[in-house]
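Enquirer: Sharing a structure below in structure tokens format, with a few things to ask.
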Amino acid sequence: MINRKQKFIKYLFALTIILLITDISIDHFNKKEKIPIVTKLSVKQIDSVFFKVLDDYGIKSQWISSKKVKPSADDSTTAQYFIKIPSDIPIPFILKDINNIIEKDITGFVSEEKKIYGLTEIRIYTNEILKLRASLLPDKNIIRTNNELSFIISDAMDLSESNFNNFLSVSYPLACAVVPGKNIIQKVDSMKNYRKEYALLLNNDISDSEMKLKQEFQKELLRGSIKNIISSFKDARAYFVDEKSAVYNSAIYNFVRDDFKRQGITLYPKSELIELNAKEDSELFSKFKFYCNDTTGVHQKLFITTFENYQKILPELIRLKKKGHKIISLAKTYLVLKEK
């Protein structure tokens, strides 16, 4: 009997040692692999996520109200929020963003959504404890007053084939600057298939003999060049002239400007466009954010930049679009220019 007890005790001791070694090994493996230990988020943390997402969509504090509610358990919500949502924001987008953030941080997460007469109520639980309760109501009377942004790519015609294809594949409205010349007419025409627009830019780089605008030309030659430019680029959405160019600073400019005007085309100085360039990326981002966030003047911002710079600011542009800024086509921008 004693031998059996001793054997049983030895067995338990050996099993304890094995379990201890196993536990230490698992703990060491978790540390080595840096596996995070997931814990539940507090009401304060979930509120922080919720209001961060609302801010991402440009929801203003005056559109948010709340009332106190009795907590159902420890660390359960003590408030119910009521949020007026501009009608141009799809509520499912807000819910999706909230879920995506919270699901990365906790387990045992449950969200509920239900619609009541157009109002969407959301409840967020962790471990069956209510952490957030909010009611979202679309309101046609509130509007996000942000800017309308339009972009012209200055070097699109000089891009490599692969980068030009990348330019064509951009899903947002996008245009390019085109210096008149017969050699690019076919390339420009092909952009229509990709819903890309272009603006003509008159500068010193016009090399085509039938489209040059030179000071020594007689009026008939100038009219012929202007006619060739207009007929060759019928789909141009706007015309700009470089103030540093020879034609702009010559005695013939008034005649050139008036002859374009006679045919229903206004020449705008290139300075109407916001030059988006910088030596450092930080300066580029800072400059872009400054103009985008400036709502004190004209709400339409016309940028001209290289395709490389456009690709750099694209993530910020996507964030601004979510916040309520609009990305508009050059055709719409041209209407704004005409009204100025």
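The values are calculated or read from the model by the stated rules, or taken from the named source; none is laboratory data. Here the structure is a predicted model, which is why all the values come from computation and not from measurement. When we count neighbours, we look across all protein chains shown, and the Cβ atoms used for this are built from the backbone with ideal geometry, even at glycine.
Enquirer: Can you tell me which of Glu220, Glu197, Glu216 is crowded, with 19+ Cβ neighbours inside 10 Å and acidic (Asp, Glu)?
Expert: Residue meeting the stated conditions: Glu197.
Quick grid of which residues meet (1) under 15 Å from Tyr172 (Cβ atoms); (2) among the acidic types (Asp, Glu); (3) out of contact with any Leu (no Cβ under 8 Å at 6 or more places or on another chain):
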| residue | (1), (2), (3) |
| --- | --- |
| Asp258 | no, yes, yes |
| Lys301 | yes, no, no |
| Leu317 | yes, no, no |
| His325 | yes, no, no |
| Leu330 | yes, no, yes |
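Enquirer: Before we move on, is Asn165 in a helix (DSSP H, G or I) and either touching a residue at least 24 places away in the same chain (Cβ under 8 Å) or under 17 Å from Asp189 (Cα atoms) (or both)?
Expert: yes
Enquirer: For Ser190, state whether it is outside the structural domain of Ile226 (by TED's automatic domain parsing) and more than 26 Å from the chain's Cα centre (by Cα).
Expert: Details: outside the structural domain of Ile226 (by TED's automatic domain parsing): no; more than 26 Å from the chain's Cα centre (by Cα): yes.
Here the answer is no, as Ser190 does not meet what is asked.
Enquirer: Can you find even one residue in region 132-148 that is under 18 Å from Thr78 (Cα atoms), at pLDDT below 85 and either outside the structural domain of His325 (by TED's automatic domain parsing) or surrounded by 17 or more Cβ atoms within 10 Å (Cβ to Cβ) (or both)?
Expert: Checking region 132-148: not a single residue is under 18 Å from Thr78 (Cα atoms), at pLDDT below 85 and either outside the structural domain of His325 (by TED's automatic domain parsing) or surrounded by 17 or more Cβ atoms within 10 Å (Cβ to Cβ) (or both).
Enquirer: Got a number for residues in region 216-271 being free of Cβ contacts under 8 Å to residues at least 40 places away in the same chain, polar (S, T, N, Q) and not in a helix (DSSP H, G or I)?
Expert: Selection size over region 216-271: 4.
Enquirer: Something else about it: Just checking, does region 147-158 include any residue being of a type in the set (S, T, N, Q), in a strand (DSSP E or B) and touching a residue at least 60 places away in the same chain (Cβ under 8 Å)?
Expert: The answer is yes; a qualifying residue exists.
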